[in-house]
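Have a look at the structure below before the remarks.
Nothing in this text is a laboratory measurement; each read-out follows from the coordinates by a stated rule. Source: prediction; values computed, not measured. Methodologically, a virtual Cβ is constructed for each residue, glycine included, from the backbone with ideal geometry; neighbour enumeration extends over all protein chains shown.
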Ligand SMILES: Cc1cc2nc3c(=O)[nH]c(=O)nc-3n(C[C@H](O)[C@H](O)[C@H](O)COP(=O)(O)OP(=O)(O)OC[C@H]3O[C@@H](n4cnc5c(N)ncnc54)[C@H](O)[C@@H]3O)c2cc1C
């Protein structure tokens, strides 16, 4: 269903654009099962930036007015919002990682209830079908994700962190911010005290009667947590590096190299003498990810490298441990390794370790952040609704044709 290439992402985008206006606004909440035409199914491509958020919004506004496509643009901006929010609240990610590890260590993933839920054996027809669809395809419709998370937490009474981990291990679009914060939102942690309760009538209605779930919880009391520390401001983007022998290291957070080059002209000044890339999707969970996620992520990075190769030299790194990157950098006699900015999540954790390992060998690590993120993220301080009021300004700052 999802060939892991930029070409496939662009084809899916071109196919979807005519439906991104009023039809999307009207029908996006309906889930009649695969194949779907009412939503874009672009998330695996956007998540790895095989296709960027900017490209998607620009393509849609090339065919629809902003009022007609407002709903779709807003959904894309949810992704940017979640990323900006987590960037300013990294403690949420640290706690999530700690909790998942502790729950698994304590046997939380060995209970019959957990095993039945992930194997599609709960006896709740919709839940069982979604668990199987997720494992088989690596994708779920947004409404199904909301219902699934709600039933997991409030009907099955399983820990939300283990549900988020199950999604993160199987979603081709598995994303630290969108996944963790959406699960927190359903559990009543993200908008404190406000939970999402899945009801049988809503599921029957929006699945066109495919499912008739029984025995769902009728109330959803919010989960609670220790207060979070104050948000930390987003640091300024780093300036271009000063080194003269630079290597570009691609990773699974951003694989649209050509547009990165257009944004950061210094990437084309002849000082980038080597390109390499690699991914480590298994770092998303203590239990690793599914074979489908592994295949998609590896394929996406290979595709990024293939496109880099057209522009010169590029090498796939089988191992992405700091030691193997240091070895590559040393063999190529690099003074700087440049990486696309990795937002809070496993790749950022990997880059932190890499920075130290490179520093010990006298090699600098330099990050390059996209203007889209730098402009939007600081506005993701509070809820989505104040963020939404900034969207028009953000789009015009991005000089997207069709924006005001
Ligand atoms: C519990 C839960 C977990 C989720 N986990 C992830 C995840 O790991 N990765 C992920 O990309 N999305 C996640 N989402 C958000 C959303 O469900 C998916 O982005 C969407 O279903 C992808 O399908 P689509 O490409 O057809 O979306 P469309 O409706 O066509 O939307 C276009 C694009 O906008 C973005 N988008 C749409 N809705 C959302 C949203 N609510 N939040 C963030 N971005 C959105 C995606 O990049 C998507 O591809 C989660 C939602 C829930 C409720």
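Counting pairs of Cα atoms in segment 113-250, how many percent are more than 18 Å apart?
Tail of the P(r) past 18 Å holds 60 percent of the pairs.
Give me 219, 75, 252, 133 sorted ascending by neighbouring Cβ count inside 10 Å, so fewest comes first.
Exposure proxy ranking, most exposed first: 219, 75, 133, 252.
How much of the calculated P(r) for segment 119-175 lies past 18 Å, in percent of all Cα pairs?
Value for segment 119-175: 21 percent of Cα pairs lie more than 18 Å apart.
Could you give the angle, 0 to 90 degrees to the nearest 10, between helix 125-137's Cα long axis and the longest principal axis of the Cα atoms of the chain?
Once rounded, the angle reads 20 degrees.
Please list 377-386, 175-184 highest first by mean number of surrounding beta-carbon atoms within 10 Å per residue.
The densest-packed peptide leads the list: 175-184, 377-386.
Is the shape of segment 199-253 rounded, prolate or oblate, going by the alpha carbon gyration tensor and its root eigenvalues a ≥ b ≥ c, with a/c under 1.5 for rounded and a/b larger than b/c for prolate?
Here segment 199-253 falls in the oblate category.
Would you mind checking the radius of gyration and Dmax of the chain based on alpha-carbon positions, in Å?
Here Rg and the maximum Cα pair distance are 21.2, 65 Å.
Looking at the square roots a ≥ b ≥ c of the eigenvalues of the Cα gyration tensor of segment 98-142, which shape do they give, rounded for a/c under 1.5, prolate if a/b is larger than b/c, or oblate?
oblate
Determine one quarter of the surface area of the Cα convex hull of segment 92-188, which equals its mean projected area, and express it in nm² to one decimal.
Reported value for the Cα convex hull: 5.5 nm².
P(r) for segment 246-368: what percent of alpha-carbon pairs falls in each 10 Å bin, starting at zero?
Distribution as computed: 13, 48, 33, 5, 0 percent.
Calculate, for residue 399 and residue 156, the FRET efficiency according to 1/(1 + (r/R0)^6) with r their C-beta to C-beta distance and R0 45 Å; round to the nearest 0.05.
The computed FRET efficiency comes out at 0.40.
If I fit a long axis through the Cα atoms of helix 176-187 and take the longest principal axis of the Cα atoms of the chain, what angle between them do I get, 0 to 90°, rounded to 10?
Once rounded, one gets 20 degrees.
According to a simple spin-label model (label point 7 Å from Cα along Cα-to-Cβ), what is the distance in nm between residue 263 and residue 132?
Using points 7 Å along Cα→Cβ, the separation is 4.2 nm.
Which of the peptides 204-211, 150-157 is most tightly packed, and how do the rest follow, going by the mean number of other Cβ atoms within 10 Å of each residue?
Ranking, from highest mean packing down: 150-157, 204-211.
Counting other beta carbons within 10 Å of each Cβ, put 324, 290 in order, fewest first.
Listing 324, 290 from fewest to most nearby Cβ atoms yields 324, 290.
Counting other C-beta atoms within 10 Å, which of 358, 86 has the fewest, and how do the rest follow?
So the residues, fewest neighbours to most, are 358, 86.
Can you tell me, using C-alpha contacts under 8 Å and at least 6 residues apart, the relative contact order of segment 246-368 as a whole percent?
Result for segment 246-368 is 32 percent.
How would you rank 48-55, 345-352, highest first, on the average number of other Cβ atoms within 10 Å across their residues?
Packing order, densest peptide first, comes out as 48-55, 345-352.
Just to confirm the number: angle between the C-alpha axis of helix 322-331 and the first principal axis of the chain, 0 to 90 degrees, nearest 10?
It works out to around 20 degrees.
Using only Cα positions of segment 265-336, each an equal point scatterer, no hydration layer, compute I(q)/I(0) via Debye at q = 0.22, 0.28 Å⁻¹ and quote the log10 values to two decimals.
One equal scatterer on each Cα of segment 265-336 leads to -1.03, -1.27.
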